[in-house]
């Protein structure tokens, strides 16, 4: 994070903000520009605050790879049935697998839930799994938000109960 400002050909001032490092060791930079030095310093301060609050994320980890790793790490010690439930829920989220985790929003999740609305219990399990994955991703610094809030689940249609008859008991 440098205070070096350069004046561009169009008259604006520009500086860089270091976000971190790539796996190969190269720095990840964000360029910030402003018409005046004062405006540039205000934008730089705002960007630093966003970086400290986890809102400036430079990682492009895909949801599918993170979800698979999450199941192995955090659910690996659970029972076979529990782990299978999470794996199945992630399988149902196939539409999100190739999307970077920081780009997933509420409408994308709601669309997946709506596509599976014929199976309300599966939708509940998918949302439960998504909430846990995004909570973990926030703790890992991969996203600054949890898009699972405010998702509407399909209603269960209760089957009509019927009384037992003498014929059904025999």
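The values are calculated or read from the model by the stated rules, or taken from the named source; none is laboratory data. Only a predicted model underlies this, so the values are computations on that prediction, with no experimental measurement involved. Using ideal geometry, Cβ is built from the backbone for each residue, glycine included, and neighbour counts are taken over all protein chains shown.
For segment 95-111, the count of residues that are surrounded by 15 or more Cβ atoms within 10 Å (Cβ to Cβ), in a helix (DSSP H, G or I), more than 13 Å from the chain's Cα centre (by Cα) and modelled with pLDDT of 95 or more is at least one. Go through the residues of segment 124-137 one by one and say whether even a single one is assigned to a loop (DSSP other than H, G, I, E, B), over 17 Å from residue 85 (Cβ atoms) and either assigned by TED's automatic domain parsing to the domain that holds residue 74 or free of Cβ contacts under 8 Å to residues at least 24 places away in the same chain (or both). Within segment 124-137, not a single residue is assigned to a loop (DSSP other than H, G, I, E, B), over 17 Å from residue 85 (Cβ atoms) and either assigned by TED's automatic domain parsing to the domain that holds residue 74 or free of Cβ contacts under 8 Å to residues at least 24 places away in the same chain (or both). For segment 1-15, the set of residues classified as modelled with pLDDT under 90 and within 29 Å of residue 61 (Cα to Cα) consists of 1, 2, listed by residue number.
With respect to residue 150, determine if the residue is surrounded by fewer than 17 Cβ atoms within 10 Å (Cβ to Cβ), in contact (Cβ under 8 Å) with a residue 60 or more places away in the chain and not assigned by TED's automatic domain parsing to the domain that holds residue 19.
No; evaluated as a whole, the condition is false for this residue.
Here segment 63-84 is the region considered, the condition is being surrounded by 15 or more Cβ atoms within 10 Å (Cβ to Cβ) and part of a helix (DSSP H, G or I), and the residue that is nearest to the chain's Cα centre (by Cα) is 63. Looking across segment 116-131, just one residue is surrounded by fewer than 15 Cβ atoms within 10 Å (Cβ to Cβ) and at pLDDT 95 or above, and that is 128.
Kindly check whether there is at least one residue in segment 154-166 that is loosely packed, with under 10 Cβ neighbours inside 10 Å, over 22 Å from the mean Cα position of the chain (by Cα) and either assigned by TED's automatic domain parsing to the domain that holds residue 69 or not in a loop (DSSP other than H, G, I, E, B) (or both). Checked segment 154-166: at least one residue is loosely packed, with under 10 Cβ neighbours inside 10 Å, over 22 Å from the mean Cα position of the chain (by Cα) and either assigned by TED's automatic domain parsing to the domain that holds residue 69 or not in a loop (DSSP other than H, G, I, E, B) (or both).
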